[in-house]
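Enquirer: Let me begin by handing over the structure; questions about it come next.
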Amino acid sequence: MRCKRERVIFLQQTEIAVVGGGPAGLAAALEAVKMGCQVTLIDRHAFLGGQLVKQTHKFFGSSKQYAGIRGIDIAKRLAGDLDSGPGKVSLELNTTVLGYYDDGVLLVEKDERVSPLFPERIIVATGAMEKMLLFRNNDLPGVYGAGAVQTLMNLYGVVPGCRVLMIGAGNIGLIVSYQLLQAGVEVAAIVEGDTRIGGYLVHAAKVQRSGIPIYTSHTILEATGENCVEGAVICQVDEKWQPLAGTEREIAVDVICLAVGLTPLTELLRQAGCEMYYVPELGGYVPLRDENMQTTLPHIFVAGDAAGVEEASIAMVEGKIAGISAAGSLRSCTKIDGLLEACRQELHELRAGDTGDKSRRGLEKLRKTMEKRKYAEKDESTGLLRA
Amino acid sequence: MEEDTIVCRCEDLTLADIRSVLQRGYTSLEEIKRITRCCMGPCQGRTCRDLVVKEIARSSGKKIEDIGLTVFRPPVKPIKIKCLLGVWEHE
């Protein structure tokens, strides 16, 4: 059997490949291109912005982090900055990075065709995925992840049902509950296993004022219904999250929405061989990385939820850091010290206060573990690891 | 919790399925993956991996971080063989 070559594959080269066009990836690409680097930004969707495009609420914090602007508008603004920026970012949408190979080549798929890309530096900004929860009948139609509910409502204008039970009172659970209300969907209750509400009090107060009860120290035992969700059995839990017998009760709902946390999407980092470390405070396994967002493989940088699950505003600042560091490691630019320090100060402010407590604990674990590692030589002029 | 609860949606595995292989002495994720096909479906373990690891932790008393995962290989998502073979055409 003889084969004829239909098309010849060329190895594409770029200075910096940014994988993921969410808040972290966009910020990273913008900074790197500002510093004169050739950047390829890859996203598997047809649009930029990642999870920002589902955020119909206004952000808060300081104006540096786009306070008072809705997430979807931040995405548009960042994408606009890419267009009008000083350099050209080569944008690859509807494109998935399928794998990382030992020789540093990324295998990229677009329109059912694969091609190799060889970047000098890689910034992994792949975000996170939702965690699943075990309960009886969790496969009944009507059980959704909070991300899916947001996609349905805020992207496609489709409501998921009439009456929702939200599982999880972190920021996502609280915000999606409020967005459901705005869409005219009733939210029967929010159930939270922990003894306290995890999300910002501003969001919690807003949903409570709207009449949605938040049951802390509660969990879901099962979804009820024949062919789709018709109700949910919830119960109280003890301090070890074990159900307390006799506290079960059934709530009539047609949607059960799971907002029980996110975990970093790190397959590419794993394939590359970046050292990983288990930090439950940051959502599970995260790559070891320093304050320049440089992983244990000095040519690979990370930013946003892929580096540890936090907020979108933090993802943007981490993106900036990763972009500056990656560019700095290529151009040996000595001015980056000041730029990086300003970003780190921003991160410090964003993580201050009670709500940043969990992140701070997780990051401290990472820092201590990193300190013990000596895996690459430091370039004294830039403070970055030599790639 | 009832044992017919679904753990892996791709491969239709229940909690009872996972607990049964644990009882049979398969205690690493690598072994359980090879025996049950968990983590090998369209989602590549993004839904079930954490759940199975938690179940291993529960039955062995080990910490989550001491259990270890399986090897991560490309491609990260299922693709058609055509994507790889499309460059060749039979004469």
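Quick note: the coordinates plus some simple rules give every number you see, no bench work behind them. Values in this document were obtained by computation on a predicted structure and should not be read as measured data. Methodologically, a virtual Cβ is constructed for each residue, glycine included, from the backbone with ideal geometry; neighbour enumeration extends over all protein chains shown.
Enquirer: Counting just the Cα atoms, what span does chain A cover along each of its three principal axes? Round to the nearest Å and put the largest first.
Expert: 63, 60, 38
Enquirer: Here's another thing I want to ask about it. Compute the signed sum of charges (Lys and Arg +1, Asp and Glu -1) over the other residues within less than 15 Å, Cβ to Cβ, of A:TYR100.
Expert: Its environment carries a net charge of -2.
Enquirer: Rg(Cα) of region A:53-191 divided by 2.2 N^0.38 Å?
Expert: That works out to 1.34 for region A:53-191.
Enquirer: Report the charge-dipole magnitude of chain B in Debye, nearest 20, computed about the Cα centre from +1 at each Lys and Arg Cβ and -1 at each Asp and Glu Cβ.
Expert: Dipole size: approximately 220 debye.
Enquirer: Would you mind telling me the antiparallel percentage of the DSSP bridges in region A:132-258, rounded to 5?
Expert: Looking only at bridges with both residues in region A:132-258, the antiparallel portion is about 40 percent.
Enquirer: Another question, then. For chain B, modelled as a GNM with alpha-carbon contacts under 10 angstrom, which of B:ARG19, B:ARG46, B:ARG73 fluctuates the most?
Expert: Looking only at B:ARG19, B:ARG46, B:ARG73, the largest GNM fluctuation is found for B:ARG73.
Enquirer: Using a Cα-Cα cut-off of under 26 Å, which lysines could be cross-linked to A:LYS335, ignoring same-chain neighbours fewer than 8 residues away?
Expert: Within the straight-line cut-off, A:LYS335 pairs with A:LYS34, A:LYS64, A:LYS88, A:LYS320, A:LYS374, A:LYS378.
Enquirer: Check the straight Cα-Cα distances from A:LYS372 and name the lysines below 25 Å, setting aside those fewer than 8 residues away within the same chain.
Expert: A:LYS358, B:LYS62, B:LYS63
Enquirer: Please list, or write none, the lysines whose alpha carbon is within less than 27 Å of the alpha carbon of B:LYS82, excluding same-chain residues fewer than 8 places away.
Expert: List returned: A:LYS4, A:LYS110, B:LYS33.
Enquirer: When N counts the residues of region A:132-258, how does its alpha-carbon radius of gyration compare numerically with 2.2 N^0.38 Å, as a ratio?
Expert: Compared with the compact-globule rule of thumb, region A:132-258 sits at 0.98.
Enquirer: Right, here's the next one. Just counting partner chain Cβ atoms within 10 Å, what average do the residues of peptide B:77-85 show around their Cβ?
Expert: For peptide B:77-85, the averaged partner shielding equals 4.
Enquirer: Rounding to the nearest 20 debye, state how big the charge dipole of the protein assembly as shown is about its Cα centre with +1 on each Lys and Arg Cβ and -1 on each Asp and Glu Cβ.
Expert: That gives the protein assembly as shown a dipole magnitude of about 800 debye.
Enquirer: Given the DSSP H assignment, sum -39500 (n - 2.57) over each helix run of at least 4 residues in the protein assembly as shown and divide by its residue total; what's the result at 222 nm in deg cm²/dmol, nearest 500?
Expert: It comes out at -9000 deg cm²/dmol, rounded to the nearest 500.
Enquirer: By per-residue mean of other Cβ atoms within 10 Å, what is the highest-first order of B:25-31, A:243-249, A:92-98?
Expert: A:92-98, B:25-31, A:243-249
Enquirer: Starting with the highest mean, order A:358-370, B:55-67, A:267-279 by the number of other Cβ atoms within 10 Å, averaged over the residues of each peptide.
Expert: Peptide ranking by packing, descending: A:267-279, A:358-370, B:55-67.
Enquirer: Could you derive backbone 3J(HN,Hα) for region A:259-268 from the dihedral phi with the Karplus parameters 6.51, -1.76 and 1.60 (θ = phi - 60°), listing whole Hz in sequence and x where the residue is Gly or Pro?
Expert: After applying 6.51 cos²θ - 1.76 cosθ + 1.60, I find 10, 9, x, 10, 9, x, 8, 10, 3, 5 Hz.
Enquirer: With a sphere of radius 9 Å drawn around the Cβ of A:VAL253, what net charge do the other residues whose Cβ falls strictly inside it have (Lys, Arg +1; Asp, Glu -1)?
Expert: Surrounding charge for A:VAL253 is -2.
Enquirer: Another question about this same structure. I'd like the antiparallel share, as a percent to the nearest 5, of DSSP beta bridges with both residues in the protein assembly as shown.
Expert: 50 percent
Enquirer: Can you give the log10 of the normalised intensity I(q)/I(0) at q = 0.15, 0.19, 0.22 Å⁻¹, computed with Debye over equal Cα scatterers of region B:40-90?
Expert: For region B:40-90, the Cα-only Debye profile gives -0.56, -0.73, -0.85.
Enquirer: Give a residue-ordered list of calculated ³J(HN,Hα) values for region A:311-325 (Karplus: 6.51 cos²θ - 1.76 cosθ + 1.60, θ = phi - 60°; whole Hz; x for Gly, Pro).
Expert: So the J values, rounded to whole Hz, are 8, 5, 5, 5, 4, 5, 5, 4, x, 4, 4, 4, x, 5, 5.
Enquirer: Another question, then. Limiting things to C-alpha atoms, what are the Rg and the maximum Cα-Cα separation (Dmax) for region A:231-386, in angstroms?
Expert: 19.6, 65
Enquirer: Across 10 Å bins from 0, what is the distribution of all Cα-Cα pair distances for region B:6-85, in whole percents?
Expert: Bin by bin from 0 Å, the calculated values are 18, 51, 22, 7, 1.
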